[in-house]
1. For the range 39-91, name all the residues that are modelled with pLDDT under 80, part of a helix (DSSP H, G or I) and buried (at least 18 other Cβ atoms within 10 Å of the Cβ).
2. Would you point out the residue of the range 138-179, among those that are part of a loop (DSSP other than H, G, I, E, B) and among the polar types (S, T, N, Q), that is modelled with the lowest pLDDT?
3. Provide a single number: the residues in the range 120-137 that are more than 17 Å from the chain's Cα centre (by Cα) and not in a strand (DSSP E or B).
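The values are calculated or read from the model by the stated rules, or taken from the named source; none is laboratory data. Computed from a predicted model, the values in this text were never measured in an experiment. Here the Cβ is made from the backbone with ideal geometry for all residues, glycine too, and neighbour counts use every protein chain on show.
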Amino acid sequence: MTMVTAAAGFTLVELLAATTITVLLAGATVTLLRTSSAAARRVEAQSAVQQEARAAVAAVSAALRNVERSPDQDTWIQGLQGRLDNLPADRLRVFTITRRPVRLGQPESDVVECEFFLATPPNAPAPRLMRRLDPTRNPPPDGGGVVESVAENVVALEIAYFDGTDWWPEWDGRKQGWPVAVKVTITVLADARRGRVFRAERLIDFPHLPSAEGKTK
């Protein structure tokens, strides 16, 4: 007598269960990939914002560290308070030493007038840190030279000056001489929708130089 055995296979219920599990796993995988991708974009955007803020602070700090302080030169530092969209928007004006050409192909000094300020160009979503460089020594008021953008999305620029005892929001080098230190704080917009910002700060020391009479200046 011949025995007939049933072929092994899946029932309809088992197939439905397997399909459901597969769909759930695929959905979870897609969600995980999307979450990881969004997190990576946020980290990349945050890193870009931090680099923008640090680059802005570095530009201002470089101008301050390389200021021309020769007693034979009429050089000084000037700081003015300002506001833009109800946030600090100070101005800084110094004479700094640089080997970077301002106007290619034209004779110019390595001591240039350098001014930093905030401005919002037409159609720009946020203010920018601007730098004006002028390699010519013209009598005031001047305001000439080349203006360029240093960093985008800079919503606040705050500069304070230390005289050895107190911090001052403004400085007139022609009357007050040189500060002992300058603190630069720059705020960059990190997330416009949530109002998140990133701040970068740097302190620049100004060692006093001896004058011809042996006194410090």
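1. Matches in the range 39-91: Val49 only.
2. Restricting to residues being part of a loop (DSSP other than H, G, I, E, B) and among the polar types (S, T, N, Q), the top hit is Asn138.
3. 5
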